[in-house]
Amino acid sequence: MGVKDYIFSKITRMPNSINYVLMKVNIFPSLVLGKHYIEYKYSIEKNSNADNHKKLINLINNALTHVKYYKEKYPKLQISSLEEFQAKIDFIDKDIVMQDVDAFISDDINFNDFIKGTTGGTSGKPLQLIIPKNRHIIELGTVHLYWEQYGYSFSPRAVLRNHKLKQKSFYINPISKEVIFDGFNLTDENFKIIYQTMKKYKIKFLQCYPSSGYAYAKYLKNNNLDTSFIKSFFVSSENILDYQKDFIKGLGIELFSLYGHSEKLVIGGYCPHHDYYHINPSYGYLELIDENNALINQPGVLGEIVGTTFNNYGMPLVRYRTGDYAEYIDINCECGFKGKTLKTIQGRWSGEKVYNKDGTYVTTTALNLHNELYSVIDGIQYIQKEKGQLEIHIVPGHQFNDQHGKEIIEHFQNKMNAGSTIIVQKVKALKKEDNGKFLLLISKITK
Ligand SMILES: [Zn+2]
């Protein structure tokens, strides 16, 4: 455990009343997040309309020099323009990278500057990644810029995501200024606690999944509660459905939706003027392609999102097909944004429901395993035939052992209600639908 994790694990165990005071006095993001965060955020703010082709060319040329996959595929090639990049560099996808992950790692990095991650299990087979250690500077700098358009200013925010709480009904992290609630307890009792806490501490922002935000909004409306102090919900990690959006906004609450993915190649988010995704031009390079791998440049044509990192020189994924789909929209936005803007995004994200016996549910997004467990399996799939029961199919990797099997059962027992039946089954392959499509959750529950 690093020093930061240690402090975090200790501090969140302190009484909420003390942490509330600490959170109130913590008004300087630079002290907490460091001066590089401030510098980065300032630099992308100033650079908001740039197309950043230079960053793209630098990244690909470095990869062509130092990364085995690119060196072997394109011997002696160097790229000098966007046109040349698009003409000469092929697309890759997760399957290609997984055939030889090491071939995508640069020979010119210090491994101490990187941490391991995975893509998570949404598409069944998690991909191992290495990510720069200081990545949070870019992630937080970028996300905070989006949030600031909704009035966020290193403000306290409520979080209703993938935390399962045991001892307290909520806890406060005074460093990140998060008031964290149990994202697995989507009941009126828990919503009452969330509401009363937000009201008491005057918390204007809630970070949640579209599904949990919607469930909470339903509670607010059903109980005729005053929501005038709640400014915005910040949602991500699931496809957002129109009825969820309309319902939340109907309460006078603004909704910000963020698009991102664990490969960290492109990022986009709403602005207060339109429910479209402005793609941050400093973060990575976005392209859309059709089913024949041809570039889409015109609005209104659905295509797959292809991303290229600007920042991960350790494991540069270039023209990587994300499996997410979107179309461009041509707008002259009132917020002044000039870059690429996407209309609704159909993500690999899923927010499908796994039911407890009593009809309450958790979403597949919230069921995500820790990276350490994803790193020992080659695939995961959920099958639910009846409420309160969950069958988990695992394709075990080389390092998988019985202890991992136990940890996986424990993980799901903790996340579902007590008394739920969890069955873990080792399989050779995951099930595909008749049309070849993979579903993370195969559910027989019709509600
Ligand atoms: Zn805008």
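Surrounded by fewer than 18 Cβ atoms within 10 Å (Cβ to Cβ), more than 16 Å from the ligand (Cβ to nearest atom), among the charged types (D, E, K, R) and part of a loop (DSSP other than H, G, I, E, B), is that true of Asp358?
For Asp358, the condition - surrounded by fewer than 18 Cβ atoms within 10 Å (Cβ to Cβ), more than 16 Å from the ligand (Cβ to nearest atom), among the charged types (D, E, K, R) and part of a loop (DSSP other than H, G, I, E, B) - is met.
Which one of these does Gln399 not meet: (1) out of contact with any Pro (no Cβ under 7 Å at 6 or more places or on another chain); (2) surrounded by fewer than 17 Cβ atoms within 10 Å (Cβ to Cβ); (3) in contact (Cβ under 8 Å) with a residue 40 or more places away in the chain?
Of the numbered conditions (1) out of contact with any Pro (no Cβ under 7 Å at 6 or more places or on another chain); (2) surrounded by fewer than 17 Cβ atoms within 10 Å (Cβ to Cβ); (3) in contact (Cβ under 8 Å) with a residue 40 or more places away in the chain, the odd one out for Gln399 is (3).
Please indicate, with yes or no, whether at least one residue in the stretch 390-412 is of a type in the set (S, T, N, Q), closer than 21 Å to Asp182 by Cα and at pLDDT 90 or above.
no
If I go through the stretch 290-338 residue by residue, how many of them are surrounded by 17 or more Cβ atoms within 10 Å (Cβ to Cβ), under 18 Å from Asn280 (Cβ atoms) and among the small types (Gly, Ala, Ser)?
Residues flagged as surrounded by 17 or more Cβ atoms within 10 Å (Cβ to Cβ), under 18 Å from Asn280 (Cβ atoms) and among the small types (Gly, Ala, Ser) within the stretch 290-338 amount to 2.
Regarding Tyr42, is this residue farther than 27 Å from Ala294 by Cβ and touching a residue at least 40 places away in the same chain (Cβ under 8 Å)?
Here the answer is no, as Tyr42 does not meet what is asked.
Which of (1) within 20 Å of the chain's Cα centre (by Cα); (2) surrounded by 19 or more Cβ atoms within 10 Å (Cβ to Cβ); (3) more than 14 Å from the ligand (Cβ to nearest atom); (4) of a type in the set (A, V, I, L, M, F, W, C) is the odd one out, the single condition Leu241 does not satisfy?
Status for Leu241: all satisfied but (2).
Among the residues of the stretch 45-79, what is the count of those that are polar (S, T, N, Q), modelled with pLDDT of 95 or more and surrounded by fewer than 16 Cβ atoms within 10 Å (Cβ to Cβ)?
4
Need a quick list: helices (runs of 4 or more DSSP H) entirely within the stretch 13-91 having at least 3 residues that are more than 28 Å from Phe104 (Cα to Cα) and within 29 Å of the chain's Cα centre (by Cα).
So the answer is 16-25, 29-33, 35-46.
Going through the stretch 297-329 one residue at a time, which ones are within 24 Å of Tyr146 (Cα to Cα), assigned to a loop (DSSP other than H, G, I, E, B) and away from the ligand (no atom under 13 Å from the Cβ)?
Across the stretch 297-329, the qualifying residues are Pro299, Phe310, Asn311, Asn312, Glu327.
State whether one or more residues within the stretch 265-281 are more than 16 Å from the ligand (Cβ to nearest atom) and either out of contact with any Phe, Trp or Tyr (no Cβ under 9 Å at 6 or more places or on another chain) or open to solvent by 50 Å² or more (accessible area, probe 1.4 Å) (or both).
Looking for residues that are more than 16 Å from the ligand (Cβ to nearest atom) and either out of contact with any Phe, Trp or Tyr (no Cβ under 9 Å at 6 or more places or on another chain) or open to solvent by 50 Å² or more (accessible area, probe 1.4 Å) (or both), one finds none in the stretch 265-281, hence no.
Mind checking which residues of the stretch 361-389 are in contact with a Lys or Arg (Cβ under 6 Å, 6 or more places away or on another chain), open to solvent by 10 Å² or more (accessible area, probe 1.4 Å) and assigned to a loop (DSSP other than H, G, I, E, B)?
Lys385, Lys387
The values are calculated or read from the model by the stated rules, or taken from the named source; none is laboratory data. The structure presented is a predicted model; accordingly, all values stated were derived computationally and were not measured. Quick reminder, even Gly has a Cβ in these numbers, built from the backbone with ideal geometry, and neighbours come from all protein chains shown. Ligands, DNA and RNA are stripped out before the accessible areas are found, and what is left, the full protein with its side chains, is counted by its heavy atoms. Shrake-Rupley method; radii C 1.70, N 1.55, O 1.52, S 1.80 Å.
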